[in-house]
1. List, in order, the whole-Hz ³J(HN,Hα) value for each residue of segment 129-137 obtained from phi through the Karplus relation with A = 6.51, B = -1.76, C = 1.60 and θ = phi - 60°; use x for Gly and Pro.
2. How big is the antiparallel share of DSSP beta bridges in the chain, given as a percent to the nearest 5?
3. Express in whole angstrom the spacing between the alpha-carbon centres of segment 269-288 and segment 32-60.
4. Roughly what percent of Cα-Cα pairs across segment 2-78 reach past 20 Å?
5. Apply the Karplus parameterisation 6.51 cos²θ - 1.76 cosθ + 1.60, with θ equal to phi minus 60°, to every residue of segment 32-40 and state each ³J(HN,Hα) to the nearest whole Hz, in sequence, with x for glycine and proline.
6. Using Cβ contacts closer than 10 Å as the measure, can you line up His47, His222, His250, His82 from fewest to most?
7. Among DSSP bridges having both ends in segment 142-272, what percentage is antiparallel? Round to the nearest 5.
8. If the cut-off is 13 Å between C-alpha atoms, which aspartates and glutamates fall inside it for Lys218, apart from same-chain ones fewer than 8 positions away?
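Each value in this text was obtained by applying a stated rule to the coordinates, not by laboratory testing. Here the structure is a predicted model, which means the values were calculated and not measured. All Cβ positions, glycine included, derive from the backbone under ideal geometry; neighbour counts span all protein chains shown.
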Amino acid sequence: MEQLGFRFLDEVRSTGKDYLSEFDVLLDQIISYKKGGVLSQGVQYPHVMKELIFLPSIQQNEILEFILRKITSSSVSMSGEHQDTEFVTEFFSQIAKHVVGNRQITIADITSGLGFTQRRLINELEVTEAISYELKEVFVRIQQKLALLLDLNVVAEQRNIVSENVDESVVDLVVYSAPIAGKVPAADINLDKSILLGEIKTTEVDLLCLDRAMKIVKPGGHVLTLLSAGFLFKGGSTQKVRESLLKEAHVKAIITMPSNSLMPYAGVSTCMLLLQKKAVGLVKPKDVIMADFSHVKLDRKLKTSPVDINEFNELCQLIAGGMNHGN
């Protein structure tokens, strides 16, 4: 199956066209075929299409995800765009499963990119509805078309959550990766009913996104986020946001991630936080679960999975135990 994916990528490369735009074209053609049952004249990438449309849906979906992953791992094609790596997506998914269990939930990703993590969560959890916010138009189009092909209940919108805002208390779980080391022009910030910031003045996009995550999640709901490790110790506005966060949420887990978790997109150190928005009658956890995976070196060729790490499986059990005790 991977050879079919590579064939598409090779054909796009030979034309000199943009990978994502051509992937968008490929999705349009698949959707058109599924509606009409025939390949239209002038179809692009006919050899790939003729094989792809006759594959079972599961294999077809696997190839589409494979192609998209290969596109995003190319620094030439993505020009520095940050997407969740396969390791981060799996890490998010496994932690979320132990937080949620078998409950039906609604989820949101407020910096969704191409939707890798969200689609994985929908496959792994009992998700009744998913909200996806992303800035780039082509990313949103691809998410929308994949949701249509996969029959996923995803509301994907092109939205700047810092200037256009988000609804309050609408989902059970927010899972997102904060943009690394970005800033937003002060004139673009419009934080109606800010949860964390109040009088705190900041243009740092990771702090602004955290505020939006805390707004959109329901009381008692969870936020699972990947942040720059600097969030844990920086002073100034970051320190003030940490103090504000402790008033609004219970910190359930702090996880230092492997140093190359975001490669090839970025080489910065990151941490993952599991937060629960405070609610009336909600019991504060007795302990904060701490985990350090900074010593783990991921092998991209072997595609190291979090479940290959013994300490990770122990972490999941600790989180599941905490959930079972009503925290």
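1. Using θ = phi - 60°, the values come out as 7, 10, 10, 10, 10, 8, 7, 7, 4 Hz.
2. Working: 15 of 38 bridges.
Counting only bridges with both partners in the chain, antiparallel ones make up about 40 percent.
3. Rounded to whole Å, the Cα centres lie 47 Å apart.
4. Numbers: 742 of 2926 pairs.
The share of Cα pairs beyond 20 Å in segment 2-78 comes to 25 percent.
5. Once θ is set to phi - 60°, the couplings for segment 32-40 become 4, 5, 5, 6, x, x, 9, 7, 6 Hz.
6. So the ranking, lowest neighbour count to highest, is His47, His82, His250, His222.
7. Numbers: 6 of 12 bridges.
Of those bridges, close to 50 percent are antiparallel.
8. Asp167, Glu168, Asp172, Glu248
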